[in-house]
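> Provided herewith is a single structure, encoded as structure tokens, for subsequent inquiry.
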Amino acid sequence: MKNKKAEKLFHNKNFLFLWMAQIFCQLADRVFTYILMITAYEYFHSNLGTSLPMLTFAIPAILFSALFGVFVDRWKKKPILFISNLLRAFLVLLIPLLSLHPQVALIFLLAVLVFTVAQIFAPAETTAIPGIVQHDQLVFANALFMGAWMGASVLGFGVAVLVIQFFKITVLYQAAAILYCLAAISIMGMKLHEPERYVERHPVNSIIHELHEGLRFILKNHIVYIAFFMLFMALSGLAAISVLTVGYASKILKIAGRNFGLLVTFAGVGMALGIIWVEKIEKLLKKKFFLIEGGFVICGTSLMGIALTKDVYWACFAIFVLGFGNAFISAPIQAFLQGFIPENMRGRVFGVQNMVVSLAFTFPAVVAGYLADLFSIPAVFFCLGAVILLIGLTARLVPDFKKI
């Protein structure tokens, strides 16, 4: 029996253009992040040092995500998506152009600028999805976007590992810039019909009022910040994997640290398989919160499994399961929020969500790096897995959670 929702999505040219832009953009992000992680690890020689790239992403997210969400609600999203990709391509190319041997400080300063531009791209992209996809297709559409995110980790990190073996690091900067340009070209092919509100001029002094309006909406609706908390915890597990995999590969599994991208590949494959199953299981269970509960149990258990093995094959299997379980959390939550939040409020709310996601990839990652140096990498994985498992087992005790 054919999957009609999938068939409709893959015949939706606007969705395909946006999805292609997402793939190219995420590939560029992963190649650039690989450069930052290797640079940091080789310079600082510690797990905490590897957390530095996360800070270059987090600082702009904390400072600008919510504010940029206001402008996403004001402006047309297609120009935002197009220009932000071109800007990032230019900034990434500046690093090798400014110096034949760029200093660490220069690399990370420009990285902060690259990720500052990303803070307006993310809410614009998330807000655009319900504008080109029917409501009953949102779970599958978001699953595909999550798949692109993990697939980018597979290809981005994996290809970067291979390229660095044969070419200078300058080639990776050029590759990232080209991928950002391809994302911009993909956006050009997309048609997005937006209400007039997005092109109206608003006085500058209303920015704070609009920002407060978005925050009040979140605080008034408990289910929204419950969903944010769930996303935060689910992505914390992936953040820990991203930061600690370099050290985990070399110190625990006894393989070259530069090959950490190959481990991340298995999380991407697991996510891809999870995407295939998420919609089918949603039909059987009817309620999204059943999917989310199961996802937390799977992710928590797999993280604890990663902590308990020193075997490469078992570690790859556990990381695969982690990716599989995450598909059951992020896609249903995102689909719920896109359907629940009013159209004229989405930019601001998703701007705040982007800040939450950034914190999920930063605060736990930095803490995990510090604790891994203080105790051990397996201890961090086990404790984080236990917390995530506990959330999965107790989530339904929160009344509002069942509304998802």
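> Is it the case, given these coordinates, that Ala176 is in contact (Cβ under 8 Å) with a residue 24 or more places away in the chain and in contact with a Cys (Cβ under 7 Å, 6 or more places away or on another chain)?
no
> Would you point out which residue out of Ala240, Ala227, Ala234 is within 23 Å of Phe44 (Cα to Cα), small (Gly, Ala, Ser), crowded, with 23+ Cβ neighbours inside 10 Å and in contact (Cβ under 8 Å) with a residue 24 or more places away in the chain?
Criteria check complete, one pass: Ala240.
> Continuing with this model, one more query. Looking at Phe328, Phe382, which one is free of Cβ contacts under 8 Å to residues at least 60 places away in the same chain and more than 24 Å from Ile120 (Cβ to Cβ)?
Phe328
> Anything in the range 335-383 that is at pLDDT 85 or above, farther than 24 Å from Gln137 by Cα and within 17 Å of the chain's Cα centre (by Cα)? List them, or say none.
Correct list: empty.
> To continue, here is another question. Please go through the range 295-336 and pick out each residue that is over 30 Å from Tyr248 (Cα atoms), among the aliphatic types (A, V, I, L, M) and surrounded by fewer than 23 Cβ atoms within 10 Å (Cβ to Cβ).
Within the range 295-336, no residue meets the criteria.
> Now, a different point. What tally of residues in the range 75-96 results from selecting those that are surrounded by 19 or more Cβ atoms within 10 Å (Cβ to Cβ), over 16 Å from Val112 (Cα atoms) and aliphatic (A, V, I, L, M)?
2
> Please determine whether any residue of the range 354-368 is without any contact (Cβ under 8 Å) to a residue 12 or more places away in the chain and surrounded by fewer than 24 Cβ atoms within 10 Å (Cβ to Cβ).
Yes: the range 354-368 contains one or more residues that are without any contact (Cβ under 8 Å) to a residue 12 or more places away in the chain and surrounded by fewer than 24 Cβ atoms within 10 Å (Cβ to Cβ).
> I want to confirm something. Restricting to the range 173-214 and keeping residues that are in a helix (DSSP H, G or I) and charged (D, E, K, R), which single residue is modelled with the lowest pLDDT?
Arg197
> Related question: Suppose we filter Ala89, Ala40, Ala61 for residues that are modelled with pLDDT of 90 or more and either among the hydrophobic types (A, V, I, L, M, F, W, C) or under 17 Å from the mean Cα position of the chain (by Cα) (or both); which single one remains?
None of the others qualify; the one that does is Ala89.
The values are calculated or read from the model by the stated rules, or taken from the named source; none is laboratory data. As the structure is a prediction and not an experimental result, all values here were calculated from the model. We place every Cβ from the backbone using ideal geometry, glycine too, and count neighbours over all the protein chains shown.
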